[in-house]
1. Would you calculate the separation in nanometres between label points at Gln115 and Asp176, each defined as 7 Å from the Cα along the Cα-to-beta-carbon direction?
2. With r as the distance between the Cβ atoms of Lys275 and Met208 and R0 = 25 Å, compute the FRET efficiency 1/(1 + (r/R0)^6) and round to 0.05.
3. Dipole magnitude of the chain about its Cα centre, charges +1 at Lys/Arg Cβ and -1 at Asp/Glu Cβ only, in debye to the nearest 20?
4. For the stretch 9-277, what's the relative contact order in percent, using C-alpha pairs closer than 8 Å and at least 6 residues apart?
5. Residues with beta-carbon under 13 Å from that of Ser41, excluding Ser41: net charge, scoring Lys, Arg +1 and Asp, Glu -1?
6. Output the peptides 154-160, 259-265, 179-185 sorted from most to least packed, where packing is the average of other Cβ atoms within 10 Å over each peptide's residues.
7. How much net charge surrounds Ala187 when only other residues with a Cβ under 13 Å from its Cβ are counted (Lys, Arg +1; Asp, Glu -1)?
8. Any chance you could list P(r) for the stretch 9-277, counting all Cα-Cα pairs in 10 angstrom bins from zero, rounded to whole %?
Amino acid sequence: MSLTSPLPLSLEFFPPKTAEGAAKLRVVRQELYQLRPEFCSVTFGAGGSTQDGTFATVSEILAEGVPAASHFSCVGATRATVREQLAQLKAMGVKRLVALRGDLPSGYGAGGEFQYASDLVAFIRAETGRDFHLEVACYPEVHPQARSPQADIDAYVTKVRAGADAAITQYFYSADAYWRFVEESRAAGADIPVVPGIMPIGSSTQLMRFSDACGAEIPRWIRLRLQAFGDDTASIKAFGLDVVTELCDQLRTGGVPGIHFYTMNQSAATLAICKRLGLGG
């Protein structure tokens, strides 16, 4: 699928848990393909709990003629299991991976042969050379488990030096946080493209829950406006569309290398943002 957008776009989905969800996601993907995404990524559950669903969704996207990236986490994994999964993905025709440490599932103790995402990146490079384009995660507002902002930058630089090709950020609503991270990481020697991850706003309760869990900051003025709307879903969506479109416009003007949308398996908000910006097909 050729890219017609002047700014590369990518889309993230999560593997559906039911047949109904899978059917709905097929419709959503077709709606979003009009944006001509550079690739679509599919998330990987805690401890690899959704591996089968992830790989199945990746396979469907590839069959639809769109490049697909599988998320790939290493928590609880062994070198043998990772080697086996890499061979499976390569046989499927996957060219991109989003290499992550991943989250421990509830009640799961520490285990596996990889401690950090940088260990996984280094192993993939050693095993497969340049067979995969490797994306890694980064956190403009600092990873919630980092000991300090500098420790977070250091961990990111280690991933880059291990062989990452590009990075995708955790979502944020402050363009300044993104640019500060890019500047500091480049100064530390990590000079790879940093693609901003964008989370459309469709539900204030969902956004608050996600943000509290992952450490993403919701600026006070946004939080207060959302709270003031109460249960007025239409106003929340309209406000969210304005806020996120403006954020994307600021990032585009600043020269970001692309935009990665966390779609939450929905199409309307991402399509509306891109239409306002004149992005996509």
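Values in this text are rule-based calculations from the coordinates and carry no lab data. Nothing here was measured: the structure is a model prediction, and the numbers come from that model. With ideal geometry, Cβ positions are generated from the backbone for all residues, glycine too; neighbour counts draw on all protein chains shown.
1. Calculated label separation equals 3.6 nm.
2. Numbers: r = 27 Å, r/R0 = 1.07.
For R0 = 25 Å, the calculated efficiency reads 0.40.
3. Numbers: 26 positive and 29 negative charges, 56 e Å.
Dipole size: approximately 260 debye.
4. Values: 438 pairs, mean separation 50.9, N = 269.
Once normalised by length, the contact order is 19 percent.
5. Taking every Cβ under 13 Å from that of Ser41, the sum is 0.
6. Working: 154-160: 20.4, 259-265: 22.0, 179-185: 18.1.
Per-residue Cβ counts within 10 Å, averaged per peptide and sorted highest first, yield 259-265, 154-160, 179-185.
7. -2
8. Percent of Cα pairs in each bin: 7, 29, 37, 23, 4, 0.
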